[in-house]
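Here the structure comes first, spelled out in structure tokens, and everything after it is commentary.
The values are calculated or read from the model by the stated rules, or taken from the named source; none is laboratory data. From a predicted model like this one, the values you see are computed outputs, not experimental measurements. Note that each Cβ is placed from the backbone with ideal geometry, even for glycine, and that neighbours are counted across all protein chains shown.
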Amino acid sequence: MRPLEGLLVLEFAQFMAGPSAGLKLADLGARVIKIERPVEGEAGRQIALKNLFLDGSSLVFHTVNRNKDSYAANLKDPDDLERVKKLIAQADVMTHNFRPGVMEKIGLDYNTVQQLNPKLVYATVTGYGTVGPWAKKPGQDLLIQCMSGFANLTGNKDDNPVPVGAALSDLITGTHLAHGILASLIRKEKTGQGALVEVSLLESTLDFQFEVITTYLNDGNQQPVRAKQGSAHAYLGAPYGIYKTKDGYLALAMGSLLKLGEVLQCDKLAEYTDSDSWFTKRDDIMDILRSFLIKETTAHWLDILEQEGIWCSDVFDYKTLLNHDAYKVLQWDQKLQLLSGEEVHTTRCPIRVNDERVFASKPAPRVGQHTEDIIKEFNL
């Protein structure tokens, strides 16, 4: 039995942040029903990476909506809306990421829904919160990374702002939404009361930077400065970064620069006896390491460094990683069969429960695939 079996979640969310929270709950056993528009479904079905589609929906949709059911309803139709309200009255959780004001117009805002089901956990995602000058701005991952300051942390000193090449803001926000939902469910068990859970892409991305923002606030409001080359963290000194070797790259994490110099037999590093200089002279030190490490292969340096306890690693691409024994032992990916006969090759839930890996029991649904069954099951 999975931990959340018996939990009923209604997902009005679309795209990535809200559905990724639903994915986490579904993987752990919750019954997650997507409430979608008839025919077209949620808008995320048409948002594709590299224009990859399976069974009429984008590959992105399939990655974030496994283990869910689909109920098609036109929320502007009185009969459909009434059936949805009956479903809400029986649910434990409801999520949405509509713009502020949309659910109020439909009649499914928190205050209204609370009258239908006082024990419901009502969870929402917005871009920037519900009030303030940015409340109606598009809440999109790239825009959030840029407006939150995050794009100024990646890359080298003279680079333009560099966003992370993944939907970081969406996914961390989805994680926070799931945290809030689970905490509120525990509270409901104690008090019998539902809750309103609110997260925003901006606040979650700011929280993701709590370490560096706290440094900024306590460092005279000095802007973070990235290293000249191989930068990995704006506030960490040498050797922290990535270095070119004879045949690839080597990552060096934090540690004693003097010990590193001894292990590598790089005499020039011995000059930096003051640990403060490891940050203030970071670019000079990294220049020394660059000119030194380029002389030998990555494997050569790893053999020397790892046996001395130096924190270091190779820098893998996906082809190398996914064919490595260390990856294979994780049993990290899975294949799901679609109604069309096509196959989704994707990843699994990262959580293990009682030493068991959590794999999906079913792929993402077609639009309205379970509508009739749900109408009968919940007497709608």
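Observations on the structure shown:
- Whichever residue in segment 214-252 is without any contact (Cβ under 8 Å) to a residue 12 or more places away in the chain and assigned to a helix (DSSP H, G or I) and, among such residues, is surrounded by the most Cβ atoms within 10 Å (Cβ to Cβ): Tyr216
- Sole residue being exposed (fewer than 14 other Cβ atoms within 10 Å of the Cβ) and either closer than 30 Å to Glu356 by Cα or within 35 Å of the chain's Cα centre (by Cα) (or both), chosen from Lys319, Lys281: Lys319
- Long-range neighbours under 6 Å by Cβ, at least six apart or interchain, first residue assigned by TED's automatic domain parsing to the domain that holds Val121 and assigned to a helix (DSSP H, G or I) within segment 173-200, second surrounded by 18 or more Cβ atoms within 10 Å (Cβ to Cβ) and among the polar types (S, T, N, Q): Thr173/Ser204; Gly174/Ser20; His176/Ser204
- Counted residues, segment 116-162 - those being part of a helix (DSSP H, G or I) and small (Gly, Ala, Ser): 1
- Filtering Ala91, Ala26, Ala13 for residues that are of a type in the set (A, V, I, L, M, F, W, C), part of a loop (DSSP other than H, G, I, E, B), at pLDDT 95 or above and under 22 Å from the mean Cα position of the chain (by Cα) leaves a single hit, Ala13.
- Residue count for segment 35-85, restricted to those that are assigned to a helix (DSSP H, G or I), surrounded by 15 or more Cβ atoms within 10 Å (Cβ to Cβ) and in contact (Cβ under 8 Å) with a residue 12 or more places away in the chain: 12
- Here Gly129, Gly101, Gly107 are screened, and the one residue that is at positive phi and either surrounded by 14 or more Cβ atoms within 10 Å (Cβ to Cβ) or not assigned by TED's automatic domain parsing to the domain that holds Val199 (or both) is Gly129.
- Among (1) at negative phi; (2) outside any helix (DSSP H, G or I); (3) not basic (Lys, Arg) - the single one Gln331 does not satisfy: (1)
- Boolean, Lys86 is more than 23 Å from the chain's Cα centre (by Cα) and of a type outside the set (A, V, I, L, M, F, W, C): yes
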